[in-house]
């Protein structure tokens with residue numbers, strides 16, 4: 001264990017990384033009776049410290065530190081570790097490794113703002129929900145080239161070890177960051193990237209090309225974050241800056257370990273958030289950034305006001321977030337677009353399409369007299385959308401109300417009801433937003449591809465965390481399924497590595513693959529006749545409904561697997577149709593609208609207008625979309 005003098009290399013961060021010598025010496029001299037020192041279960045605090053009075057007939061009597069005497073089952077008391085183990089940096093080194101010891105250790109470290117703790121082969125992070133001075137250049141230098149045992153626990157240590165293993169073993173590495181929603185995964189992903197960008201920097205600027213800002217590769221890797229967060233992050237019930245998409249970032253290095261290039265792969269953007277938010281949530285940050293009025297010329301160009309309440313689609317929940325300054329974030333987004341080398345044309349078209357998406361929620365349609373046919377209820381919003389998207393307003397409205405559809409081998413014009421048109425409008429604006437997001441990722445990757453020789457990569461996985469809300473829909477099932485799969489891989493991998501450690505030390509033990517514990521829930525979702533399979537099947541039946549889908553699920557799974565249960569929502573809770581027993585808890589799911597979400601069909605007649613749009617970006621986004629009429633437009 002390093003001395004206070006050795007910890008000085010970390011500067012002001014030292015007190016957040018390791019307990020001081022004085023505290024260590026005091027702990028070693030604290031009296032401790034291993035025979036009577038126990039944790040006991042407590043209804044309020046989960047576990048409290050206590051002194052064992054007696055054990056008798058499977059019961060234990062304990063006097064708690066609060067002065068209460070309680071008698072509990074013998075299984076409900078757990079031996080405590082001596083004080084020298086308080087604030088232990090690696091919990092695998094504890095004498096007694098039980099649940100209360102782990103919780104108590106994390107709690108005590110957290111109380112001293114030591115948020116990083118090792119647990120055997122991996123690092124546990126407790127989100128402080130505040131900035132801590134443990135990420136500056138001095139701290140980076142302190143971890144550089146150090147073995148794990150030579151430095152206090154930190155995400156930088158995990159990063160540096162991956163980097164050193166890559167160079168010595170000549171093998172690619174990956175850092176998996178898992179946890180529930182709001183646990184701090186994205187922030188720690190940024191720290192990993194910051195670390196690699198600092199220690200392996202090329203140190204030279206990329207050559208400037210017309211329309212591209214001079215920024216080093218390190219700048220560009222870090223600049224990708226504000227742009228992706230503006231378009232891919234939102235406030236949820238649990239997290240003010242929740243990633244609503246998953247990403248796998250590969251940082252590529254040359255043979256000597258210098259930064260060569262990077263690329264980003266994204267998964268599962270939650271496009272439904274564009275058109276719907278719960279009351280305590282917000283849509284994507286970019287909408288509110290544009291409305292700050294920080295760039296008044298943009299308000300004029302996008303035909304928007306500074307009041308989100310003027311736009312029903314993005315004001316179903318909250319419109320401001322206490323912990324987020326939308327003006328500062330908009331400056332970061334706008335600057336990132338420049339650093340990443342988007343052209344001026346691309347930039348204004350990105351903003352125009354974002355503005356058009358906002359206006360989609362204000363379009364109104366009414367029913368024709370004595371007919372079910374929909375017709376526009378005013379054209380003001382359609383005119384704004386058409387202007388921003390480079391379309392003809394009358395053509396767009398005609399395509400929405402009277403689309404051409406394929407019947408047999410013929411194309412016919414088919415009238416639409418008001419709900420059908422509204423659904424088409426929502427599907428189109430979600431599609432535009434998603435396609436633009438995916439295109440931005442492609443453009444970012446083009447910028448990050450330096451054509452420098454690549455030898456190895458370190459991958460960093462950051463997926464949306466496990467979610468248990470009052471109302472859980474298809475998006476939550478997809479996110480939780482992904483987490484379930486990742487946890488299974490993680491468990492399996494970790495226990496296999498542990499097994500190898502045991503073999504090395506010649507310890508005999510019975511191998512249990514805890515990854516298999518998660519199999520029941522995973523199979524229930526992905527196997528033939530599982531939830532996804534039944535959903536796909538129902539989408540093929542024209543008369544299928546939420547009710548027929550629910551009935552099929554219950555017929556197939558209720559009572560046949562422990563992972564599928566009948567929901568028991570409490571009073572005042574949202575309605576639910578089935579419950580799944582996940583590794584992180586039981587989640588009640590509501591299946592309303594899942595068939596529509598899964599199909600999400602686009603109005604082909606409108607898409608064909610997009611393909612001929614005067615807005616080059618919109619035309620490009622839909623260039624390869626094949627229509628029902630079999631036409632396909634290529635945009636150069």
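A short reminder: the numbers here are calculations on the coordinates, not readings from a lab. Note that the structure is predicted; figures quoted are calculated from it, not measured. Note: ideal-geometry Cβ built from the backbone for every residue, glycine included; neighbour counts use all protein chains shown.
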Going by alpha carbons, how many degrees (0 to 90, nearest 10) lie between the helix axis of 99-111 and the longest principal axis of the chain? 80
Region 121-155 versus region 407-483: alpha-carbon centroid distance in Å: 34
R0 = 56 Å: FRET efficiency of residue 44 with residue 335, Cβ-based, nearest 0.05? 0.70
Quick note on 18, 144, 282, ordering by fewest other C-beta atoms within 10 Å, gives 144, 18, 282
Counting only DSSP beta bridges fully inside the chain, the antiparallel percentage to nearest 5 is 90
Label-point separation (nm) for residue 103 and residue 624, each offset 7 Å from Cα along Cα-to-Cβ? 5.1
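Given a cut-off of under 8 Å on Cα pairs at least six residues apart, what relative contact order in percent is computed for region 474-591?
Averaging sequence separation for qualifying contacts and normalising by length gives 21 percent for region 474-591.
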Given the C-alpha centroids of region 344-402 and region 51-80, what is the distance between them in whole angstrom? 70
Rounded Å value of the spacing that divides the Cα centres of region 162-199 and region 93-120: 22
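Given a cut-off of under 8 Å on Cα pairs at least six residues apart, what relative contact order in percent is computed for the chain?
On the way: 1019 pairs, mean separation 72.9, N = 636.
Reported as a whole number, the value is 11 percent.
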Which angle from 0 to 90°, rounded to the nearest 10, does the C-alpha axis of helix 326-339 make with the longest principal axis of the chain? 80
Kindly list the residues of region 219-235 that lie in the label zone of residue 201, defined by a backbone N under 18 Å from the point 7 Å along the Cα-to-C-beta vector. 219-225
Just to verify a number: FRET efficiency for residue 348 and residue 442, C-beta to C-beta distance, R0 = 25 Å, to 0.05? 0.85
Residues of region 129-172 with the amide nitrogen closer than 19 Å to a label point 7 Å from the Cα of residue 21, along Cα-to-Cβ, please. 150-152
Sticking with the crude label model, points 7 Å out along Cα→Cβ, report the distance from residue 295 to residue 527 in nm, one decimal please. 5.3
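In which sequence would 370, 80, 191, 238 go, from the one with the fewest C-beta neighbours within 10 Å to the one with the most?
Values: 370 6, 80 26, 191 21, 238 16.
Placing the least packed residue first, the sequence is 370, 238, 191, 80.
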Matching label for the computed Cα extents along the principal axes in Å, out of (i) 109, 65, 62; (ii) 86, 63, 45; (iii) 85, 57, 51, is (ii)
Between residue 129 and residue 377, what is 0.36 nm times their sequence separation minus the Cα-Cα distance? Round to one decimal in nm. 84.6 nm
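Report the extension gain between residue 170 and residue 407 in nm, rounded to one decimal, defined as 0.36 nm multiplied by the number of residues separating them, less their alpha carbon distance. Walk me through the numbers on the way to the answer.
Values: separation 237, 0.36 × 237 = 85.32 nm, distance 5.85 nm.
The span from residue 170 to residue 407 would gain 79.5 nm if fully extended.
Under the 0.36 nm per residue contour assumption, what length would be gained going from the current alpha-carbon distance of residue 74 and residue 556 to full extension?
Values: separation 482, 0.36 × 482 = 173.52 nm, distance 4.14 nm.
Length difference between fully extended and current span is 169.4 nm.
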Determine, from the Cβ-Cβ distance of residue 36 and residue 510 and an R0 of 22 Å, the FRET efficiency 1/(1 + (r/R0)^6), rounded to the nearest 0.05. 0.10
